Amino acid sequence: MGKLSESMRKVIELLPLQFRILFRQFLLRVVDLEALSVQADVPRFLGQFASILIFISLCAAAGPLVVGERLASLPEAYLSFAWGGEQTLISGLILVIGLVIVITWDSTFPDRRDVMVLAPLPVRARTILIAKVAASASLLGLTILTLNFATGIAWPFLLGSHHESAWGYLQSFAAYWLTMIAASTFLYCAVLTVQGFTALVLPRRIFLGFSAFLQLAAFGIFLSAFFLQPSITTPAQMEAAGNHWVAWSPSFWFLGLFNQLNGTLPRELRWLALRAWVGLVIVMTGAVASLLLCYLRTMRRTVEEPDLVPGARGWRWTPRFGSRLDTAIVLFSLRSLMRSRQHRVAMAFYLAVICSIALWWLRVELAIATPVALSEEFLTATMIMMSLGVFGLRSVFSLPISLHANWMLRATQLCSSEKYVNATRKVLLFLAVGPLWIISALLALDFRPWSHVAVHLVLLALLGWVFVEVSLVNFYKVPFTCSYLPGKVHMQVVFWCFLFLLVIFGMVSAEIELPWLGDRVRSGAMIAFVVSVGLGILEFNRRRAKSAVLYFEELPAEVITTLGLVWVRPSEQRTTAMNGKLRPF
C-alpha cells in the first residue's frame with residue numbers, strides 16, 4: 001500500500017505546478033465556501049455524502065446475491081429480473097449524476113472571480129480549462145465509484161454466470177463499468193453543451209437569469225424522468241408498438257448498450273445501442289466545442305459585461321404579511337430563494353421530489369374515468385409532500401445569502417427575538433404549507449366522498465402547522481443569515497433516519513386516518529388531537545423565544561478539558577468527599 005501511494009505521489013508531481021494548484025482549489029470549491037462557517041469541516045461533509053452513496057450501492061447489491069440463485073432455473077423470470085435490475089441501476093446512476101451536475105452547475109465555466117484573480121497572472125486559459133474539467137471529472141468519477149461500489153461486482157457476477165464462455169464474468173464486468181461511465185459522460189457533456197452554447201448566444205446578464213431557469217428545469221427533468229418512466233423488463237415489451245419511452249429515454253439507450261457489450265442484446269433492439277453511441281459522440285463533440293469557444297470568447301465578456309443591472313423604476317406593489325418586520329422577513333426569504341443559486345439548488349431537490357409525486361398521481365387520475373374513493377396511498381403521498389416541503393424549506397434556511405451583509409441585520413435588530421420567530425413561522429406557512437395544501441386539494445378533486453376529502457384537507461393543513469412548529473424548536477436566527485457548519489452531524493445517519501421515519505409516519509398515519517374519515521366522532525377526535533399537539537409545541541416555542549438570543553454564526557460546542565487538580569483544605573476533605581462534590585488530590 002505504501003509503494004502504491006508513493007508511486008501515485010510521483011505521478012502527481014510530474015504534472016505542472018499551476019495545474020495542481022488550480023485543480024485543488026476548483027475541487028474544493030464544489031461546496032460554496034462563502035456560505036460555510038469559519039470552522040467548517042468540508043472533507044468530512046463530502047465524506048458523509050459519499051458514505052450515503054456507498055450504502056445505497058450495498059443495498060442494491062443485495063438483490064442479485066439473494067434472488068439471483070433462486071431464479072437460475074427459471075429463464076423467463078431470470079431475464080425479467082436481470083433487465084429490470086439493469087434498467088434501475090442505469091436510471092439511478094443517471095439521476096444521481098444529474099443531481100451532482102446541477103448542484104455544480106457553474107463549476108466548469110469561468111466566473112468573474114476566476115477571471116479577476118487569474119487573468120493578471122501568467123496562467124494560460126487552457127490550463128484553467130483543463131483544471132476545471134479535471135476537477136469536475138474527478139467529482140463525477142468519485143460519484144460513479146461510490147454509487148457502484150458493490151453493484152459493480154455483484155451484478156456482473158450474476159449476469160456473467162449465465163455466459164457459456166469462461167470469460168463471461170470479465171465480459172459482464174467490463175460491459176457494466178463501460179456502460180456506467182458512458183451514461184455519465186453522455187449526461188455531463190449534454191448539460192455542458194446546452195450551457196456553453198446558451199452562454200455564447202445570450203448576453204451575460206440575460207444568460208445568468210436564464211441559466212437559473214435551466215438549472216431548475218434540469219433538476220425537474222431528471223427527477224421526473226426517474227419517477228415517471230415505466231419499468232420495462234423484457235425485450236418483448238421494448239419491441240411493443242407505441243412505446244415512446246424506449247425510443248427517447250437515454251436510460252433505455254444505455255440499457256441496450258450494456259446488453260450489446262455483454263452479448264445479450266437481441267437483433268431487433270440493436271438500434272437502441274446505436275442511439276447510445278451516436279448520442280455520445282454528438283454531445284462529446286458539442287461539449288468540447290462549447291468549452292473551447294467559451295474560454296476563448298466568454299472570459300472577456302465576464303469582465304466587460306455586468307452581472308446585474310439596476311431594476312426599472314416605477315410604481316411597485318408589495319403584499320403585506322402582517323407587521324413591517326413580518327413583511328420584510330417574508331419578502332427577504334422569497335427573494336433569497338429566487339435570486340440565490342445555491343438556495344435554488346437546495347430547494348429544488350425537495351420541490352422536484354414533491355413535483356414527481358404530484359405528477360405521478362396526476363397521471364394516475366387522468367387514467368381514471370370516474371371518481372374513486374380515497375386510498376391509503378394518496379393520503380401517504382400528500383403527508384410526505386407536506387413534510388418534505390416544510391422540513392426542506394427549514395433546512396434551506398441554514399444556508400446564508402451573504403455573510404458579509406449580516407452586520408446590517410445585527411445592527412437593525414430592534415425587536416425581541418419572539419417577533420423574529422413569529423416572522424419565520426409566517427415564512428414557512430406562506431411558502432411551504434400554503435402552496436402544498438393547494439396542490440393536494442387540486443389532486444383530491446377526483447376522490448369521493450367530498451366529506452372525507454374535506455376532513456383530510458383539514459388534517460393536512462393542521463399537520464403542516466404542526467410540522468412548522470416542530471421545525472422552529474431551537475431555531476433562533478433569521479432565515480438565510482447564519483453561517484452553515486457542515487460536518488457537525490452524521491449526515492449519512494440523519495439522512496436515512498429521516499427518510500425511514502418519514503415513510504413510516506406517512507404509512508401509519510394514513511392507515512389510522514382512512515377508517516376514521518367516515519366517523520364524525522373519530523374525525524373530530526383526530527382534529528382535536530392534532531390541534532392540541534400543535535398548541536403545546538406553539539406555547540413551548542413562545543416561552544423559549546422570549547429569552548432566546550438571535551445568532552448569526554454557527555460554531556461548534558466548546559469542550560473544556562480539565563485536569564481535576566483541585567486543592568482542598570484538610571479540614572474540608574472529609575465533608576466534601578462525603579458530599580461527592582470534590583475529591584482530595
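Only one entry of L216, L187, L170 meets the criterion of being assigned by TED's automatic domain parsing to the domain that holds G286 and modelled with pLDDT under 80, and that entry is L216. The residues in segment 433-456 that are surrounded by fewer than 16 Cβ atoms within 10 Å (Cβ to Cβ) and aliphatic (A, V, I, L, M) can be counted, and the count is 4. The criterion of at least 3 residues that are at pLDDT below 80, out of contact with any Phe, Trp or Tyr (no Cβ under 8 Å at 6 or more places or on another chain) and of a type in the set (S, T, Y) is met, among helices (runs of 4 or more DSSP H) falling completely within segment 480-585, by 570-579. Exactly one residue out of L261, L192, L214, L265 is more than 28 Å from the chain's Cα centre (by Cα) and either assigned to a helix (DSSP H, G or I) or farther than 25 Å from S80 by Cβ (or both), and it is L261.
Applying the set (1) in contact with a Gly (Cβ under 6 Å, 6 or more places away or on another chain); (2) small (G, A, S); (3) surrounded by fewer than 20 Cβ atoms within 10 Å (Cβ to Cβ) to S172 leaves exactly one unmet item: (3). Quick check on segment 358-374. Is at least one of its residues under 29 Å from V473 (Cβ atoms) and assigned to a helix (DSSP H, G or I)? Yes, there is a match, as at least one residue in segment 358-374 is under 29 Å from V473 (Cβ atoms) and assigned to a helix (DSSP H, G or I). Considering (1) among the β-branched types (V, I, T); (2) touching an Asp or Glu at 6+ places or on another chain (Cβ under 7 Å); (3) closer than 19 Å to P515 by Cα, the lone condition that T382 does not fulfil carries the number (2). Residues in segment 457-473 that are within 20 Å of A373 (Cα to Cα) and either without any contact (Cβ under 8 Å) to a residue 40 or more places away in the chain or surrounded by fewer than 21 Cβ atoms within 10 Å (Cβ to Cβ) (or both): L457, V458. The set of residues in segment 201-210 that are out of contact with any Ser or Thr (no Cβ under 7 Å at 6 or more places or on another chain) and part of a helix (DSSP H, G or I) comprises V201, R205, I206, L208, G209. Would you mind stating whether L274 is part of a helix (DSSP H, G or I), closer than 23 Å to T193 by Cα and over 25 Å from the mean Cα position of the chain (by Cα)? Taking the combined requirement at face value, the residue satisfies it. A single entry from F207, F227, F213, F222 fulfils the requirement of being surrounded by fewer than 18 Cβ atoms within 10 Å (Cβ to Cβ) and either in contact with a helix residue (DSSP H, G or I) (Cβ under 8 Å, 6 or more places away or on another chain) or polar (S, T, N, Q) (or both): F227. Only one of the numbered conditions (1) touching a residue at least 60 places away in the same chain (Cβ under 8 Å); (2) within 20 Å of T143 (Cα to Cα); (3) of a type in the set (V, I, T) is not met by T234, and that is (2).
The values are calculated or read from the model by the stated rules, or taken from the named source; none is laboratory data. If you're wondering where the values come from, they're calculated on a predicted model, not measured in any experiment. Counting neighbours? That spans all protein chains shown, and the Cβs are built from the backbone with ideal geometry, glycine included.
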